[in-house]
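The values are calculated or read from the model by the stated rules, or taken from the named source; none is laboratory data. What you are looking at is a predicted structure, and each value in this text was computed from that prediction instead of being measured. Cβ: placed from backbone, ideal geometry, glycine included. Neighbour counts: every protein chain shown. The accessibility values were calculated without ligands, DNA or RNA, using every heavy atom of the protein model including side chains. Shrake-Rupley method; radii C 1.70, N 1.55, O 1.52, S 1.80 Å.
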Amino acid sequence: MLAWQFGGRTWLPLLLLLFPACLMALQSVPRPEHPRPDQQRADWQNLNGSWEFFETDDDAADLSVGGAFPDRIVVPFARESRLSGLARTGFINNVWYRRTFDSDLTSPRQRLHIMAADYRTRVWLNGHLLGTHIGGNAPITYEVTEYLKPKGNVLVVHCYDNPRSGLQPLGKQALTEQSEGIFYTRTTGIWQTVWLEGVGDAYIRDAHYVADADGRFELMAEIEHARPGLELECTVETDDPLVLRTSAEVAQPMVRGRAGAFTAWSVERPQLYRGVVRLLEDGVEVDRFTTYVGFRTVQIRGHQILLNGKPVFQRLVLDQGFYPEGVWTAPSDDALRNDIVLAQQAGFNGARLHQKVFEPRFLYHAATLGYLCWGEFPNYGANHALTAIERPWIEEWVEVVRRDRSQPAIIGWCPFNETDPRAIPLQGTIVRATRLMDPTRPCLETSGWSHGMADPAILDAHDYEQRIDIFRARWVNHNGPIAALPSRYQRTLVRVRPFMVSEYGGIGWATGTGWGYGAVPQTEEEFFTRLQGLTQALLDNPYHFGFVYTQLTDVEQERNGVYTYDRQPKFASEKFAAIFGAPAAYEASEMAAPPADDRAWELIVGARPDGAEAPTWRMALEAPEDWMKVGFNDTAWATARGAFGQKEGWEEQIQTPWTTPDIYLRRTFQLPADRVIGVVSLVIHFDNATHVYLNGELLWENPRSWNDRYEMF
């Protein structure tokens with residue numbers, strides 16, 4: 001025990017009072033870790049903590065230069081979260097933040113960062129408007145050197161958020177007052193770290209690198225205040241350090257070289273190397289940040305996605321990134337890392353980061369743990385009839401890709417999920433922009449539903465069928481050689497491409513007032529029997545590169561996670577790992593990519609894509625039980641041409657509209673008498689219960705409730 005004496009008095013009681021207060025002060029900054037481990041400078045200041053706060057539906061209110069802020073909020077947590085101190089979940093259009101602070105930065109120039117704020121954000125420092133940013137997911141950055149003072153700075157932030165406008169990407173934010181279905185608590189305003197950064201008199205505004213499994217390394221930088229005499233240097237601390245240097249007189253210099261001794265980054269061995277990027281002038285360091293480098297390659301070969309030249313089956317889980325106390329914001333850095341650890345313990349080697357742009361620290365932990373990630377965008381919420389969404393959508397997605405394209409854990413991009421056909425033109429634009437920014441990874445146009453590109457890199461489907469036999473029949477040997485179709489039947493599938501079922505499962509357990517997909521199993525045995533049957537059906541297909549199980553954790557009322565919402569196990573992780581981690585035929589197979597189907601198919605009975613050869617059918621909306629028999633007299637039936645029905649996006653294909661519950665079609669045809677028939681296939685685009693009879697016998701019935709294009713069976 002220590003005590004001081006001064007003036008004859010002992011000050012131990014004062015020490016005991018002050019010491020806990022100091023501890024509280026040290027702990028008062030939530031999420032204190034550096035938010036950009038991929039671009040980390042030593043001189044920085046975290047501005048998270050208690051801010052003044054005001055919310056209003058008055059769009060004309062202006063608190064930028066003064067006014068009353070009646071509330072306090074804990075940044076970086078959104079007002080809807082418990083960790084914000086407010087837990088207000090009603091709709092509000094405007095939120096205002098104010099904070100007074102002293103700056104302890106010592107660098108020649110300073111930058112202010114808000115890692116994410118939803119949705120349209122204006123920022124003032126000491127009364128000066130720094131700018132306006134549109135988008136709720138990408139970082140906001142301003143140089144503030146001319147406005148920042150050592151003492152008494154006043155920072156004001158205003159966010160306008162109107163989720164019901166149809167103009168904003170929302171992800172899974174509910175459009176109703178309370179969460180319901182697949183939509184959850186909203187996020188309004190600041191939801192990631194606010195911080196200051198000290199940089200050089202000239203500095204590296206941004207940089208990204210490409211490092212492949214052959215050791216090739218390229219770093220492209222963007223220099224602010226470039227001038228003659230500057231040099232860009234990059235050091236990668238491999239066993240044989242790679243040191244590269246070039247002139248930085250121009251705004252966008254590049255250094256390139258080849259590493260000597262290194263280990264490629266992989267799931268089994270996620271080797272990362274420290275990188276140091278410096279700006280020099282006459283040999284003196286002007287600016288500097290550290291990063292991490294993973295050497296790895298992602299390539300497509302036929303139906304395969306190769307990691308470092310090898311087919312790695314992607315056992316992915318849907319991760320929505322919601323937290324009970326923080327909503328879209330993890331309560332701690334450990335919580336981010338723990339989600340990855342939990343997923344790996346359950347047998348997954350990666351995740352679809354679903355309908356949310358995850359923060360850089362999550363991607364850092366994924367890189368250190370060997371966890372494959374598909375980077376997504378929260379596209380839900382868009383009204384694609386409004387062309388005003390397109391420019392901000394494109395611009396923000398560009399910001400997201402630019403932020404994360406150096407992340408070794410990201411194995412692919414997925415900017416859209418379950419879109420309607422009106423989104424197809426915008427999807428194509430964004431995919432093409434993504435390919436230009438980052439040609440090193442595949443980009444999935446949209447996960448599920450409306451694929452419309454003529455040249456997709458990969459394809460996928462969602463399937464929440466819970467009956468194992470039907471699910472297996474649907475996907476056995478899917479995407480293999482026999483599935484290739486003549487091009488006239490294909491809107492998109494013109495050659496073999498990598499394919500995965502990117503959502504399946506979603507089996508509920510102890511749902512209570514919540515829900516899961518299908519009937520809730522009544523016993524643990526029933527749960528794992530269904531899980532094993534569905535998963536094994538996908539593992540057994542050598543032509544699928546992976547799967548995505550729904551989902552890692554419960555989210556509010558959606559209770560189909562491997563873990564509960566508060567990250568507690570529902571069953572032993574080992575049981576899940578034995579199923580999700582079981583051997584995959586994709587990795588065991590030595591077969592080459594299936595060739596394009598160039599067999600000489602001969603048309604027997606045509607369909608709408610066959611043009612002039614598409615036949616006329618006999619059609620009825622009601623029919624007797626023996627309507628499919630060979631001798632049935634159908635001369636009283638109407639004649640009509642296919643396709644039949646009503647489907648958005650397929651209007652030009654439909655020749656006979658049909659909206660009643662049932663339709664019956666008949667046609668007589670002859671096989672060519674002089675041909676030996678080797679394979680006969682049915683090509684059909686169907687919806688709901690469909691049965692095909694040949695000569696009175698049931699030939700085929702649909703193995704699932706619908707498909708979204710012509711398929712061969």
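Structure notes:
- Scan of the stretch 123-144 for residues that are in contact (Cβ under 8 Å) with a residue 60 or more places away in the chain and of a type in the set (A, V, I, L, M), ordered by number: LEU129, ILE134, ALA138
- For the stretch 379-397, filtered to residues that are without any contact (Cβ under 8 Å) to a residue 40 or more places away in the chain and under 16 Å from GLY136 (Cβ atoms), the residue that is surrounded by the most Cβ atoms within 10 Å (Cβ to Cβ) is TRP397.
- If only residues of the stretch 86-110 that are closer than 15 Å to PRO70 by Cα and not in a strand (DSSP E or B) are counted, the one that is most open to solvent (accessible area, probe 1.4 Å) is ARG88.
- When residues in the stretch 150-176 are screened for being under 30 Å from LEU105 (Cα atoms) and hydrophobic (A, V, I, L, M, F, W, C), 5 of them pass.
Rundown of residues vs (1) in a loop (DSSP other than H, G, I, E, B); (2) small (Gly, Ala, Ser); (3) in contact with a Phe, Trp or Tyr (Cβ under 8 Å, 6 or more places away or on another chain), yes/no style:
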position	(1), (2), (3)
PRO30	yes, no, yes
GLU33	yes, no, no
ARG36	yes, no, no
ALA68	yes, yes, yes
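- Here VAL605, VAL679 are screened, and the one residue that is assigned to a loop (DSSP other than H, G, I, E, B), within 25 Å of VAL496 (Cβ to Cβ) and at pLDDT below 90 is VAL679.
- Tally of residues being open to solvent by 10 Å² or more (accessible area, probe 1.4 Å) and either hydroxyl-bearing (Ser, Thr, Tyr) or without any contact (Cβ under 8 Å) to a residue 24 or more places away in the chain (or both) across the stretch 194-212: 2
Okay, residues lined up against (1) among the charged types (D, E, K, R); (2) more than 20 Å from the chain's Cα centre (by Cα):
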{"site": "ILE305", "(1), (2)": "no, no"}
{"site": "PRO311", "(1), (2)": "no, yes"}
{"site": "ARG315", "(1), (2)": "yes, no"}
{"site": "GLY321", "(1), (2)": "no, no"}
{"site": "TRP328", "(1), (2)": "no, no"}
{"site": "SER332", "(1), (2)": "no, yes"}
{"site": "ALA335", "(1), (2)": "no, no"}
{"site": "ASN338", "(1), (2)": "no, no"}
{"site": "HIS354", "(1), (2)": "no, no"}
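- Any hit, the stretch 398-419, residues being open to solvent by 40 Å² or more (accessible area, probe 1.4 Å) and not in a helix (DSSP H, G or I): no
- Scanning the stretch 504-517 for residues that are assigned to a loop (DSSP other than H, G, I, E, B) and open to solvent by less than 50 Å² (accessible area, probe 1.4 Å) yields GLY506, GLY508, THR511, GLY514, GLY516.
- Taking the numbered list (1) open to solvent by 10 Å² or more (accessible area, probe 1.4 Å); (2) within 30 Å of ALA221 (Cβ to Cβ) in turn, PHE289 passes all entries but (1).
- Residues satisfying the stated conditions in the stretch 127-161, i.e. open to solvent by less than 40 Å² (accessible area, probe 1.4 Å), part of a loop (DSSP other than H, G, I, E, B) and more than 23 Å from ARG205 (Cβ to Cβ): GLY152, ASP161
- VAL123 more than 16 Å from GLY49 (Cα to Cα), aliphatic (A, V, I, L, M) and part of a strand (DSSP E or B): yes
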